[in-house]
Amino acid sequence: MDRTRRTFREGLLAGIVITISFVLLGSAAGLVRTHPGHLAQENETTAIWTLKNIFSAQEQFRDSAVVDADGDRRGEYGFFGEMSGGAALRTTGIRIPVSVLGREFRSVDVAGTVWHSGYFFRVFLAARGGHGVVEWGAPLAGWPERDVTDEWDMPVDADLAELYWCCYAWPEQYGESGRRTFFINQAGHIRAVDDARYSGEDGPSAGAAFSTGVRDGIIGDSRDLLTGKEANPWKILRQPRRP
């Protein structure tokens, strides 16, 4: 009987030790998963692949020619709302019959931005002179020397919109939801910069990743390691693994 009780106690103790070990291991794994650095890395990877999806959507949207403001049978690039079916096309007033971008891009705020997985995204199309315009047809504010008048409330230029667009993605909170800011345009290459200025509502200007062209423009040189108009070097990324 004593041997049976002793065996039972030893078995029970061993079971308790094993259970506690699994609990501790599970807690440690949870800490790894929720560590800010790990979360930031996951968000950055998701942002990169989201930009690749945006690039594919832009190509499909242009090739479909659902927006052809000048009637030359050459399609134009689109805004988030147009490509996702969340807003009417700027030329016809109707929504795209089949969306080419996810539903999360239907929620565009007044600054032309969309939040997704810890990052903000903003797409620019070209107005007259190559100036970048956001979703609601007005250039993004932020250049103090610019006189914001009706002249700046520009529509998208049909000819330039057949050729140029760009998109930025930056962290909701620098250092926690991500560190790097990303850029892509019609060339399809993703570039990145680690700049604490880009966080929350303070995203890059239209021309931030370009070294030439008008200051808030999206037409210019954006090659690897060139210093952009906001004095930071943008580097082309290698192909990341899927999240």
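All of the numbers you see were taken from the coordinates with simple rules; none came from a lab. Computed from a predicted structure; not experimentally measured. Reconstructed Cβ throughout: ideal geometry from the backbone, glycine too, with neighbour counts over all protein chains shown.
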> What order do you get for 169-182, 37-50, 88-101 when each peptide is scored by the mean count of other beta carbon atoms within 10 Å, highest first?
Replying inline: 169-182, 37-50, 88-101
> Trp115 versus Lys235, label points 7 Å from Cα toward the beta carbon: distance in nm?
Replying inline: 3.0 nm
>> Through the Karplus equation 6.51 cos²θ - 1.76 cosθ + 1.60, θ set to phi - 60°, convert the phi angles of segment 45-60 into ³J(HN,Hα) values in whole Hz; use x for Gly and Pro.
In response: 4, 4, 4, 4, 5, 5, 5, 5, 5, 5, 4, 4, 4, 4, 5, 5
>> Calculate the FRET efficiency for Glu201 and Arg223 from the Cβ-Cβ distance with a Förster distance of 35 Å, rounded to the nearest 0.05.
In response: 0.75
>> I'd like to compare 78-87, 200-209, 53-62: which one has the highest average count of other Cβ atoms within 10 Å, and what's the full order after that?
In response: 78-87, 200-209, 53-62
> Say each of Asp194 and Ser107 gets a label point 7 Å from the Cα, pointing the same way as Cα to Cβ; how far apart are those two points in nm?
Replying inline: 3.0 nm
> What ³J(HN,Hα) values, in whole Hz, does the Karplus curve 6.51 cos²θ - 1.76 cosθ + 1.60 give for segment 164-172 when θ = phi - 60°, with x put for Gly and Pro?
Replying inline: 10, 6, 7, 9, 10, 10, 9, x, 4
> Summing Lys, Arg as +1 and Asp, Glu as -1, what charge do residues with Cβ under 13 Å from the Cβ of Ala111 carry, Ala111 excluded?
Replying inline: -3
> Quick one: if you stick a label point 7 Å off each Cα along the C-beta vector at Arg74 and Glu42, how many nm between them?
Replying inline: 4.4 nm
> Using 1/(1 + (r/R0)^6) with R0 = 41 angstrom and r between the beta carbons of Gln173 and Ala88, what's the FRET efficiency to the nearest 0.05?
Replying inline: 0.80
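Using a cut-off of 13 Å between beta-carbons, work out the net charge of the residues near Gly81 (Lys and Arg +1, Asp and Glu -1, Gly81 not included). Working shown, then result.
On the way: positive: Arg90, Arg95, Arg103, Arg106, Arg122; negative: Glu82, Glu104, Asp109, Glu135.
The answer is +1.
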> What share of the DSSP beta bridges in segment 38-236 is antiparallel, in percent to the nearest 5?
Replying inline: 95 percent
